[in-house]
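Chemist: Sharing a structure, written as structure tokens. Questions coming.
Taken together, the values in this text are just the output of simple stated rules run on the coordinates, not laboratory data. These figures come from a predicted structure and were not determined experimentally. Please note: Cβ atoms are built from the backbone with ideal geometry, for glycine as well, and neighbour counts cover all protein chains shown.
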Amino acid sequence: MEWPNKKDFAFTIFDDTDWQTRENVREIYALLKDFGFRTTKSVWPVKGNEIPQIGGSTCEEPEYLKWVKCLQNDGFEIGYHSNTFHRSLRDEVIFGIEKFYEYFGHYPKTMAQHTDYRECEAIYWGNYRVTPGPHEWIYNIFTRGKHKKIFTGHIERSKYFWGDICKEKIKYVRNFIFSDINTIKACPIMPYHDPERLYVNFWFASSEGANVNSFNKCLSEKNQDRLEEEGGACIMYSHFASGFYSNGNINSRFQFLIKRLSKKNGWFVPASILLDYISKIRGNHIITNKERKQLERKWLLHKARIGST
């Protein structure tokens, strides 16, 4: 890949909003801004009415929304992490998507799904992420069958169905996570369309950084240098409320690694801008059955080692 403005590589982050408040991630985003990074922060548009398994702020909190809008004005992308912190029915999802438009002036371009451990609106998730047969069987062993057929957002007869809305409103949806910092090397066909999963326009992959420890491991000095040497692209998957900031301080290792990376000749743009550029250069890829099974195998191996998304 030849990156814009003669940059040597590309790097961004898609931050899942789980556990987040303005107070526990504000300093992280101030740091990213100061070092020249523009990344993607996801939100929940609507405050839920059930007790959350994983909580955090929503856009119905005025001060939080005000801060998120400031991030948008500073060049950060606002992505979608499902309607709220628990399952939502079709009408509730539609309401939340429209609230997102009201808040940010556009529908979400990127999405990472927030899942519930009950039947919920996640699309092609759980055992539906993989091809029926051996891969599904292996996945069900890893998850002890807890995710089997409970994610029904793509099933038209379900009360949680909203696949048509996803296809109409959202361009990119995150799926597989890999250990390699060079996401585009781990998933060279992204962004891709899957004819077996018609309600998602394009899927993208990410690199493992679910918490501060896995993030720092993936962003190590050695891996940064390799990403640069390979001219690659990284979309880090993360939860900035998971250990990055505590007791009034940003994790020192994270701060050091981000500062080090900022000094390199990287293209630091939000996820959708990066994906749009790759798509423009390479064209819109339609995944084959062989390619899908290869990705699934690679992801299942990662899941066996790491146990994360």
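Chemist: Find the all-direction average of the projected area of the Cα convex hull for the chain, expressing the result in square nanometres with one decimal place.
Modeler: 14.9 nm²
Chemist: For Lys148, which lysines qualify as cross-link partners when the Cα separation must be under 24 Å and same-chain residues fewer than eight apart are set aside?
Modeler: Excluding near neighbours in sequence, the set is Lys159, Lys167, Lys290, Lys293, Lys298, Lys303.
Chemist: Return Lys185, Lys149 ranked ascending by Cβ neighbour count within 10 Å, so the fewest neighbours appear first.
Modeler: By the 10 Å Cβ count, ascending, the order reads Lys149, Lys185.
Chemist: Counting pairs of Cα atoms in segment 212-259, how many percent are more than 15 Å apart?
Modeler: 47 percent
Chemist: Could you give the length gained by full extension between Lys293 and Thr21, i.e. 0.36 nm per residue of separation minus their alpha carbon distance, to one decimal place?
Modeler: Result for the pair: 94.1 nm of gain on full extension.
Chemist: How many nm separate the modelled label positions at Asp74 and Asn265, each set 7 Å beyond the Cα in the direction of the Cβ?
Modeler: A separation of 2.8 nm, rounded to one decimal place.
Chemist: For segment 129-245, what percent of Cα pairs sit more than 23 Å apart?
Modeler: Counting pairs separated by more than 23 Å, the tail of P(r) holds 46 percent.
Chemist: D for segment 91-198, whole µm²/s, Stokes-Einstein with Kirkwood Rh over alpha-carbon pairs at 37 °C and 0.692 mPa s: what number?
Modeler: 214 µm²/s
Chemist: Once you wrap a convex hull around the alpha carbon atoms of segment 211-303, what is its projected area averaged over all directions, in nm²?
Modeler: Its Cα hull, projected and averaged over all orientations, spans 7.7 nm².
Chemist: Using the basic label-point model (7 angstrom from Cα toward the beta carbon), what is the Arg253 to Asn49 distance in nanometres?
Modeler: According to this spin-label approximation, the distance is 4.4 nm.
Chemist: Cut-off under 19 Å on the C-alpha distance; same-chain residues fewer than 8 positions from Lys259 excluded. Which lysines are left, in chain and number order?
Modeler: The qualifying lysines are Lys7, Lys33, Lys217, Lys222.
Chemist: List the lysines whose Cα lies under 16 Å from the Cα of Lys169, skipping any in the same chain that are fewer than 8 positions away.
Modeler: Within the straight-line limit of under 16 Å, Lys169 reaches these lysines: Lys99, Lys109.
Chemist: Let me ask something else about it. Could you list Ile235, Ile281 in order of exposure, starting from the residue whose Cβ has the fewest other Cβ atoms within 10 Å?
Modeler: Ile281, Ile235
Chemist: Could I ask something else about it? What translational diffusion coefficient, in µm²/s and rounded to a whole number, does the Stokes-Einstein relation yield for segment 1-140 at 10 °C and a viscosity of 1.306 mPa s, taking the hydrodynamic radius as the Kirkwood radius over Cα pairs?
Modeler: 96 µm²/s
Chemist: Now a separate question. Name the GluC sites (Glu not before Pro) in segment 1-69 that are in a loop by DSSP and that have at most 10 other C-beta atoms within 10 Å, would you?
Modeler: For GluC sites (Glu not before Pro) across segment 1-69 that sit outside H, G, I, E and B with at most 10 neighbouring Cβ atoms in 10 Å, the list reads Glu2.
Chemist: Let me check I've understood the local charge: for Glu230, count other residues with C-beta under 14 angstrom from its C-beta, Lys and Arg +1, Asp and Glu -1. What total comes out?
Modeler: -1
Chemist: Relative contact order for the chain: what percent, with Cα pairs under 8 Å and sequence separation of 6 or more?
Modeler: 24 percent
Chemist: Using Cα-Cα distances under 8 Å and only pairs 6 or more residues apart, what relative contact order does segment 1-102 have, in percent?
Modeler: 29 percent
Chemist: Could you list Ser214, Ser206 in order of exposure, starting from the residue whose Cβ has the fewest other Cβ atoms within 10 Å?
Modeler: Listed from fewest to most nearby Cβ atoms, that is Ser214, Ser206.
Chemist: From the helices alone, meaning DSSP H stretches of at least four residues, give me the mean residue ellipticity at 222 nm for the chain, per-run term -39500 (n - 2.57), in deg cm²/dmol to the nearest 500.
Modeler: Mean residue ellipticity at 222 nm (helix-derived): -11500 deg cm²/dmol.
Chemist: Rounded to whole Å and ordered largest first, report the semi-axes of the equivalent ellipsoid of segment 1-68 derived from its Cα gyration tensor (root of 5λ).
Modeler: In descending order the semi-axes read 30, 13, 10 Å.
Chemist: Apply the membrane-span-like helix rule to the chain: whole DSSP H runs, Cα extent along the own long axis of at least 27 Å, mean Kyte-Doolittle hydropathy at least 0.5. List the helices found.
Modeler: Length and hydropathy pass: none found.
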